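Worksheet for the structure shown next.
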Amino acid sequence: MNKSNITLGLAITALLIALIFIGTYAIQVPMPFSQGGLIHAGDLVFFTVCLLFRPKRSSIAGAFGMGLFDLLSPYAIWAPFTFVIRLVMGFAISSVAGQGDKISRNLLALLVGLPILIGGYYVAEAILYGNWIAPVKSITGNFSQWLIGAAGSIPLSRILYNIPALKNMR
């Protein structure tokens, strides 16, 4: 790979990180039934990136974009957990989706990410609060967060899939 391709790849990944961060920061609704959880547009952006881009790029973008949000917000204690959870999630979703526009495959890919999201944040919350029972309360919130992001990302990724400029960036 030549230097210009590496530079272009880094620039695209940086833009995706910024989009995910902005999506997480700009629109957020606190969930009253979980401990500090949010429903935010970052999941919509992250899932769309995972469905359109290769695993390495989408996992890095999700981990850094959402991890950076946590780090710069009142949720800084969650940043290391978010980084790892979103890294694994991004890789899994993108690997299954295969940068395709098939609804069934994209839905399957997002379903693969669901236990990573719920399980990852369950363990993180149990570690942070020292209690393995209390995180059960957050499962509904995490599922709601996933559902909203998944419901929006499938049609959005289908629209964006056919844009020629995006095909060259994957």
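So, R0 is 41 Å and r is the distance between the beta-carbons of ALA165 and TYR25; what FRET efficiency does that work out to, to 0.05?
It comes to 0.95.
Provide the gained length on full extension for the span VAL123 to ILE77, in nm with one decimal, where the gain is 0.36 nm per separating residue minus the Cα-Cα distance.
So the chain would gain 15.2 nm between VAL123 and ILE77.
Hey, quick one: spin label on ASP101, modelled 7 Å out along Cα-Cβ, who in the range 145-166 has an amide N within reach, i.e. under 18 Å?
152-166
Report the FRET efficiency, 1/(1 + (r/R0)^6), for LEU8 and LEU108, where r is their Cβ-Cβ distance and R0 is 30 Å, rounded to 0.05.
In this case the efficiency is close to 0.50.
Nearest 500 deg cm²/dmol is fine: what mean residue ellipticity at 222 nm does the chain get from its DSSP H runs of n ≥ 4 alone, each adding -39,500 (n - 2.57), divided by its residue count?
Calculated from helices alone, the mean residue ellipticity at 222 nm is -25000 deg cm²/dmol.
Give the cross-link partners of LYS56 among the aspartates and glutamates, using a straight C-alpha distance below 18 Å as the criterion and excluding same-chain residues fewer than 8 apart.
Qualifying aspartates and glutamates at Cα under 18 Å: ASP43.
Expressed as a fraction of 2.2 N^0.38 Å, the rule-of-thumb size for a compact globular protein of N residues, what is the C-alpha radius of gyration of the range 20-115?
In units of the globular-protein estimate, the range 20-115 measures up at 1.04.
How large is the convex hull of the Cα atoms of the range 91-170 per residue, expressed in Å³ as a whole number?
Considering the Cα atoms of the range 91-170, their hull volume per residue is 92 Å³.
Can you give the Kirkwood hydrodynamic radius for the chain, in Å, rounded to one decimal and based on Cα pairs?
Computed over Cα pairs of the chain, the Kirkwood hydrodynamic radius comes out at 15.9 Å.
Computed from the coordinates by the stated procedures, all read-outs in this text should not be read as laboratory data. Bear in mind the structure is a predicted one, so any value in this text is a computation, not a measurement. Glycine gets a Cβ as well: all are built from the backbone with ideal geometry, and neighbour counts include every protein chain shown.
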